[in-house]
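Structure first, then comments.
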Amino acid sequence: MSERLVVIGSQWGDEGKGKMTDYFACRADMVVRYQGGNNAGHSVVFDGKKYSLQSIPSGIFNPKTVNVMGNGMVVNPVSVIAELEKLHDQGITDYQLYISDRAAMVMPWHADLDGAFEAKKGKGLIGTTKKGIGPAYSDKYSRVGLRMGDLLEPEYFAERLNAALEIKNIELESYGLPKYEFQPVYDRYMEIARILGPRITDTSKLINEALRSDAKILFEGAQGMMLCIDHGTYPYVTSSTPSAASVPVGAGISPKWIDNVLGVAKAYCTRVGEGPFPTELFGEQAHEIRERGHEYGTVTGRPRRIGWFDAVVARYVARLAGIDNWALMLFDVLSGLDTVKICTGYECDGEILDAPPSTIARLAKCKPVLIEMPGWKEDITDVTEFEDLPQAAKDYVRKIEEITEVPVGMISVGPDRKQTITISEKLANF
Ligand code: IMP
C-alpha cells in the first residue's frame, strides 16, 4: 500500500517548506502540488548549484519521480515554460511532469488586474506577489476562467476565450488598462498548447493509481496556513487553502488517504506583505534574526517581518490541518540570543484568547502573552541527534510540544539536507 505525506506551511509562508519538500521529494515516487501557483517560490541547492522553483513540484530533479500539478492549482503556462527552460539551461532535462486538465489557468490579464486592485486599495493594499493569483481564482469561482484542458480543444478554447475577453476587457477598461485582442492571445496559447499539451492530462487518475500501488507520495503545500483564504488573517491572505484539507479536492483523491501531515514552522515567525502580526519584533533584535536567517523573499526580495514563535497560531493550525508532527526550521538562527520567547496567548480587551480572532481589526489589538526561556550560545549547525542539542534548546523544543500538543518530528539546523535532526520514526522511514 502507498505511503502518503502532506507537507504544509504552518505560519505565513516561507517556513522552509522548500528544504523539507526537497528532503522528502528525493525519496518520493510522486510529488503533487495541489493549490496556489507561481506565487510560491523556493530555492534548492545541490551539487553546488542553485535552482529555483515556483510552480513546478520539487521532485523535478529526480528522473524517476512523477511530478503532478494538480487541479487545485492556478497554472500560468507561460511561467511553467519559462521555469522549464531555466531548468534545461541548468542541465535538468530528464524529468516527468504532468499538469491537470482541470487546473485553472492564469492569463495575462490576471496579473494586470492584480496590480490594478492593489493600486486602488492604496493604504489597504494586501501586498500580493502580483502574479495574478487572486484574479485567476476569482475567475475560476465566477466560472469565467479558462482551464489547462481547454488548450487541447482549439474550438472550445476559442469559445471560452471569447467569453472571458468579453467580461475581462470591460474590467480592464474600467481600470484604464489596455484591452486584449482575441487573435494574438489565441495564437500565443495555441503555441503554448503545442509545448505543454503532451503533459496535460487527468492527473487525478494518475494519483489514484499511485495511491493503490506501493508508491511514496508527497503532497507539497504552498504558502502557509495563516495565508489560508478561509482560516488565515483575512483579507491579508492568499486566494487558496494551504491546509492538508485541500489535498483531496486539489488533487482529486478521497480524504481517507490523508493520514500523515507534517506542519513546517520556523522556530520563530516571519511574514511578508501587510497585516497584523502579534509577535512582531522591531529594531536590533528583528534585524539580527533577519540577517542571520537571510529573511528576504525568494519571489519578491522583500525583507520579511520577524516575530517570536506564536504558539497560538501553531495550536490553531494543528486543529485546522490535523498536524501529526512539526518540522521546526531555522532552529540554528536562534543560537546566541540571551533569551528566547514563545507566545502562549493573546491579550485583547482584557481577555486572554487562545486562538486568533476572526477579524484583523481585533487581531491588531492583540498583545502577545510571552513566556521567556534561557537561550543557548552553542553553534548547533552540526548536531544530528536531538540528545546532543544544548539543554536550553531541548527545553525550548519540549515547551513548543507541550503548548501545541503536537510532537516535533524534525528539526532543521542549517540549509543542507544533512543538517536535519529526525526524531519521528515514521518520517525517518518515509
Ligand atoms: P498572492 O498570493 O500573490 O495573492 O498574495 C497574497 C499574500 O500572500 C501576500 O501577503 C503575499 O506576500 C503572500 N504570499 C503568497 N505566496 C506566498 C509564499 O509563497 N510565501 C509567503 N507569502 C506568500
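Over the chain, DSSP H runs of length four or greater, each weighted -39,500 (n - 2.57), average out per residue to a 222 nm ellipticity of -10000 deg cm²/dmol. Roughly how tilted is helix 311-321, in degrees to the nearest 10 and between 0 and 90, from the longest Cα axis of the chain? It works out to around 40 degrees. Whole-percent P(r), region 221-296, all Cα pairs, 5 Å bins from 0: 3, 13, 19, 20, 17, 12, 8, 4, 2, 0. Within a Cβ distance under 10 Å of L146, other residues only, what is the Lys/Arg minus Asp/Glu net charge? Cβ neighbours under 10 Å give a net charge of +1. Sorting the segments 327-339, 164-176, 363-375 by their residues' average number of neighbouring beta-carbon atoms within 10 angstrom, most packed first, yields 327-339, 363-375, 164-176. Magnitude of the charge dipole for region 114-211, about its Cα centre and with charges confined to Cβ atoms of Lys, Arg (+1) and Asp, Glu (-1), is about 520 debye. Axis of helix 283-292 versus longest Cα principal axis of the chain: the two differ by about 70°, to the nearest ten degrees. Look at the dipole of the chain built from charges on Cβ: of I60, V185, P198, the Cα furthest out on the positive end belongs to V185. Measuring r between the beta carbons of E171 and A428 and using R0 = 51 Å, the FRET efficiency lands at 0.50. Given +1 at the Cβ of Lys and Arg, -1 at the Cβ of Asp and Glu and no other charges, the dipole of the chain around its Cα centre is 540 debye to the nearest 20.
The Rg/Rh ratio of region 282-410, with both radii computed over alpha carbons and Rh defined as the Kirkwood radius, is 0.97. Taken over region 151-263, the convex hull of the Cα atoms encloses 157 Å³ per residue. Would you mind classifying region 386-430 by shape? Square roots of the alpha carbon gyration tensor eigenvalues, ordered a ≥ b ≥ c; an a/c under 1.5 is rounded, otherwise it is prolate if a/b is larger than b/c and oblate if not. It is oblate, given that a/c is not under 1.5 and a/b is not larger than b/c. In terms of overall dimensions, region 1-50 has a Cα radius of gyration and Dmax of 12.0, 36 angstrom.
Using every pair of separate Cα atoms, the Kirkwood estimate puts the hydrodynamic radius of region 88-207 at 15.8 angstrom. Largest first and in whole Å, the equivalent-ellipsoid semi-axes of region 346-430 read 32, 16, 12, each the square root of five times a Cα gyration tensor eigenvalue. Ordering 286-295, 314-323, 264-273 by mean Cβ neighbour count within 10 Å, with the highest value first, yields 264-273, 314-323, 286-295. Radius of gyration over Kirkwood radius for the chain, both on Cα atoms: the Rg/Rh ratio is 0.97. With Cα atoms as the point set, region 15-142 shows a radius of gyration and Dmax of 15.5, 48 Å. Against the empirical 2.2 N^0.38 Å scaling, what ratio does the C-alpha Rg of region 279-341 come to? For region 279-341, the normalised Cα radius of gyration comes out at 1.26. Ranked from largest, the principal axis spans of the Cα set of region 237-277 equal 35, 24, 12 Å. Karplus-based coupling profile of region 151-168, in residue order and whole Hz: 4, 7, 10, x, 5, 5, 4, 4, 4, 5, 5, 4, 4, 5, 5, 4, 7, 5, with θ = phi - 60° in 6.51 cos²θ - 1.76 cosθ + 1.60 and x standing for Gly or Pro. Debye-formula intensities of region 33-73, expressed as log10 I(q)/I(0) at q = 0.23, 0.28 Å⁻¹, are -0.80, -1.02 (one equal scatterer per alpha-carbon, no solvent). Note: relative contact order over the chain, using C-alpha pairs below 8 Å and six or more positions apart, is 19 percent.
Plainly put, region 218-369 has a radius of gyration that is 0.96 times its Kirkwood radius, both from alpha-carbon atoms, as the Rg/Rh ratio.
Rounded to the nearest 20 debye, the dipole size of region 233-351 about its Cα centre is 420 debye, using +1 on the Cβ of Lys and Arg and -1 on the Cβ of Asp and Glu.
Only the coordinates and a few stated rules stand behind these numbers; no lab work does. Worth saying up front: this structure is predicted, and the values here are computed from it rather than measured. Counting neighbours? That spans all protein chains shown, and the Cβs are built from the backbone with ideal geometry, glycine included.
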